[in-house]
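Written below as structure tokens is the structure these notes are about.
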Amino acid sequence: MRLVVALVGLAISFAVPAFAQQKDTAASQIDEQIVKKFDEAFNNGDAAAVAALYTEDAVQVTPQGPVFGREAIEKLFTGVFQQGHYSNHLNKDDQGSPHMIGTAGDEVWRTGEWSFTVQGKSGDPIKVKGYWSAINVREGDTWKIQMLTFNVTPPQAK
């Protein structure tokens, strides 16, 4: 019995560093393959480039309700970008993100904050911000967004 407990403890001690390394690798890949590209595409008003970051069957959950599928998500962003000019889009992962789902290393959940500035067709630029949560999956060597939810934080009273 002691031998079994010792072997389980030994196995766990080897698995924890491997899991941490897997998480760090996923974090850097997601930062390069999703976060930076999302910010760039959003700032450029490129709905097709934003949608390309999603899986074919992705879900975008907005404050108005869910949008299903990459094609519908592209249509959503096309409409958003027609409302004004967006700049300074910034996604920031919460500390400790991502969190691995299962042990295969190809699914993670992440949380964080977002912000951008929007210049409408009339009026001054407005800074908008909120929080998001996402599930990312690996398709081959590429990370994609499978589900993204977000909210909008109400502006502070002056």
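Of Thr55, Gln156, Gly112, which is farthest towards the positive pole of the range 28-158's charge dipole, taken about the Cα centre with +1 and -1 on the beta-carbons of Lys, Arg and Asp, Glu respectively?
Gln156
Give the carbon-plus-sulfur fraction of the accessible surface of the range 71-158 in %, rounded to a whole number; probe 1.4 Å, heavy atoms of protein chains only. Intermediate values should be presented prior to the final figure.
On the way: 2920 of 5560 Å².
Heavy-atom surface of the range 71-158 belonging to carbon and sulfur, 1.4 Å probe: 52 percent.
In the structure displayed, which of Lys92/Lys127; Lys36/Lys75; Lys75/Lys121; Lys92/Lys121; Lys92/Lys129 lie more than 18 Å apart, Cα to Cα?
The pairs that break the limit, which is 18 Å between Cα atoms, are Lys36/Lys75; Lys75/Lys121; Lys92/Lys121.
When ranked by the protection proxy of mean other Cβ atoms within 10 Å per residue, highest first, what sequence do the peptides 49-58, 115-124, 134-143 form?
Values: 49-58: 18.3, 115-124: 11.9, 134-143: 15.9.
Packing order, densest peptide first, comes out as 49-58, 134-143, 115-124.
Taking the Cβ of Asn43 as the centre, find all other residues whose Cβ is under 12 Å away and add up their charges (Lys, Arg: +1; Asp, Glu: -1). Walk me through the numbers on the way to the answer.
Working: positive: Lys36, Lys37; negative: Asp39, Glu40, Asp46.
That works out to -1.
The values are calculated or read from the model by the stated rules, or taken from the named source; none is laboratory data. This structure is a prediction, so every number in the text was calculated from the model and none was measured. Ideal geometry is used to build each Cβ from the backbone, glycine not excepted, and the neighbour counts take in all protein chains shown. Side chains are part of the model used for accessible areas, which takes the heavy atoms of the whole protein and leaves out ligands, DNA and RNA. Shrake-Rupley method; radii C 1.70, N 1.55, O 1.52, S 1.80 Å.
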